[in-house]
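Heads up: the structure comes next, in structure tokens.
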């Protein structure tokens, strides 16, 4: 559906996107993740034809990126770009007209899409009076008006509460099942987990592309979960066997190289300080752990050795 | 206990819409007080009243012993407030922004350099002092905004969705700073949609449609909110299974957590049935705060 070859974009001295070769297949739910400033939005904007690349090429089915036919893809930008002082239906009419659709078709499609997005009851409500989650669904409705075969979303669930995020993803899955290809960027790792394939970007480069499952199985470290009498957030910080430690209210989550060695070190450390240990166990890595590991430079080798899996 | 923040029947109306509805809160010193709720439930409105920016329509409240209605101006110098939108100056450097806020809070000149240095250290901004804010990535801006809001060493800090749109690495770093501040005695009230951040709070208040519907430690919420047995199911196409499982008579709730399904069963004797039905592993788990959030949000609406 989308093929890019060594796509590059510079903004004065900063290379925002550096030689990205990306393939998004028909029927994919492709998640784009990476640290702030990794180049995700710039890449998405180039794919949508909003920014011209400095070099490299983009090939898309129906030549959508050339700007000739906008009907083959829908784009939902990061910022809410609807009119707060227009109603839901007025916004839809406006965007429908922008896509060159006539009134009858707009009404017909709006009814269909508003059923999917659960906004049917709110047709007459001003966009400003919608909750954060509903605003995002309205933006999605507008992006879907032209019946795109490819949907591109840039952080669509920014600042949306957990329940509304789940509802939003249900809609994306439904659209995907009906044959729509989806490319979505997200800062939420539980959402990355829902993608069929995930591309991790850092410093403008696409560092690794794989299924969430494979990414997790390739995680180079081990994770220990500890409950003990201490509530000092940074108590384990100095231990050489521990690469990273985080405190979550009542438990510590430690990233370690060797589980057995680290376990012994933790037990000894706590004993030496007379801190009772309640529980110590190893847990599986999540996409969040994978993200943190990938965001560090040391694991570049790990990611370079992986191959895209379809 | 002497509370830093107390409210009694605190209410705020906009026209005929009640954004905050008779809220009773008490926040102890040194706490990280997580303030959760769906979009539009009144979190920001509450925080803005506590900061003395917005006047209550009814009820009363005290922050650091000052009354919200009559002494709002006295509250402001003693608190730090970081809103969803960071109000930094893009065309000033990191140092200049901190210097500006130090001026706003009337920090004496002889202390400024030292204080700003402390903030740069605390917010991990070293080496970027001379960079223009416009050139910083979101994670850096966010830490600078935090530095600016605590440059006067407030005893209470209000953070309204400080980590929206920030990457997991930056969020972790940010919360470690928050934990450090709380450990040193600063009281922190924070709203967030990230449940891993909620887990790091010492107390969680959950509001819906302006009303307080739960208030406890993360542990207590996990153990007490859900009635039934929560199990984790690993299936190949979780999204497809979701609708099927929701319709089973013995399933009370079913939701997606990453690639796993969390299913709330009426009774543990239904685990075997579910195992047969899905032909997958079914294991009992301790509810996460996300499970708690979803249950509370649904219960309040239903």
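Quick notes
- DSSP bridge analysis restricted to region B:5-217 gives an antiparallel fraction near 55%, rounded to the nearest 5.
- Gain upon complete extension [residue A:232, residue A:251; 0.36 nm per residue less C-alpha separation]: 5.8 nm
- FRET efficiency, 1/(1 + (r/R0)^6) with R0 45 Å, evaluated for residue A:120 and residue B:279 via beta carbons: 0.75
- Taken as Cα centroids, region A:71-96 and region A:249-298 sit 46 Å apart, rounded to the nearest whole angstrom.
- Alpha-carbon centroids, region B:77-132 and region A:122-172: separation in whole Å: 36
- Simple label model, 7 Å out from Cα along Cβ direction - residue A:97 to residue A:147, nm: 2.3
- Cα gyration tensor, region B:1-41 - rounded (a/c under 1.5), prolate or oblate: oblate
- Spatially, region A:196-216 and region B:273-288 are offset by 29 Å when compared through their Cα centroids.
- The calculated FRET efficiency for residue B:87 paired with residue A:261, based on their beta-carbon distance and R0 = 51 Å, is about 0.60.
- For region A:2-216, the relative contact order works out to 31 percent when only alpha carbon pairs closer than 8 Å and six or more residues apart are counted.
- Ordering of B:251-258, A:276-283 by burial proxy (mean other Cβ atoms within 10 Å per residue, highest first): B:251-258, A:276-283
- Note on the protein assembly as shown: helix-only mean residue ellipticity at 222 nm, from DSSP H runs of 4+ residues weighted -39500 (n - 2.57) and normalised by residue number, equals -10000 deg cm²/dmol.
- Number of partner chain Cβ atoms within 10 Å, mean per residue of A:288-295: 3
- Here each label is just a point 7 Å from Cα along the line to Cβ, and for residue B:234 and residue B:8 those points are 5.5 nm apart.
- For the protein assembly as shown, the alpha-carbon radius of gyration amounts to 0.98 times the rule-of-thumb value 2.2 N^0.38 Å expected for a compact globular protein.
- With 0.36 nm allotted per residue and the present C-alpha distance subtracted, the residue A:5-residue A:243 stretch has 82.1 nm of extension available.
- Ascending count of other beta-carbon atoms within 10 Å, so fewest first, for B:83, B:155: B:155, B:83
- Across peptide A:30-37, the mean count of Cβ atoms from other chains lying within 10 Å of each residue's own Cβ comes to 4.
- Neighbour-count order for B:150, A:242, fewest beta carbons within 10 angstrom listed first: A:242, B:150
- Here region B:201-301 is described by how far its Cα atoms reach on the three principal axes: 41, 23, 23 Å, from widest to narrowest.
- Length-normalised contact order for region A:229-284 - Cα pairs under 8 Å, 6+ apart - percent: 29
- Global geometry of region B:227-286, whether rounded, prolate or oblate, following the gyration tensor of its Cα atoms and the 1.5 cut on a/c: rounded
- The peptide list A:129-135, A:229-235, put in order of mean Cβ contacts within 10 Å with the highest first, becomes A:129-135, A:229-235.
- Averaged over the residues of A:170-176, the number of partner chain Cβ atoms lying within 10 Å of the residue Cβ comes to 2.
- Chain A: antiparallel DSSP beta bridges as a percent of all, rounded to 5: 65
- FRET efficiency estimate (nearest 0.05) - Cβ-Cβ, residue B:246 to residue A:282, R0 41 angstrom: 0.80
- Extension gain for residue B:220-residue B:131 works out to 27.5 nm (0.36 nm per residue, less the C-alpha to C-alpha distance).
- Each residue in A:169, B:241 was given a count of other beta-carbon atoms within 10 angstrom of its own, and listing them fewest first yields B:241, A:169.
- Cα gyration tensor shape of region A:229-284, rounded if a/c is under 1.5, else prolate or oblate by comparing a/b with b/c: rounded
- Rule-of-thumb Rg ratio for chain B [Cα; 2.2 N^0.38 Å; N residues]: 1.14
Values quoted throughout were computed directly from the atomic coordinates according to the rules given, and no laboratory measurement underlies them. These numbers were taken from a predicted model, which means no experiment stands behind them. A quick note on method: Cβ atoms are made from the backbone with ideal geometry, for glycine too, and the neighbour counts reach across all protein chains shown.
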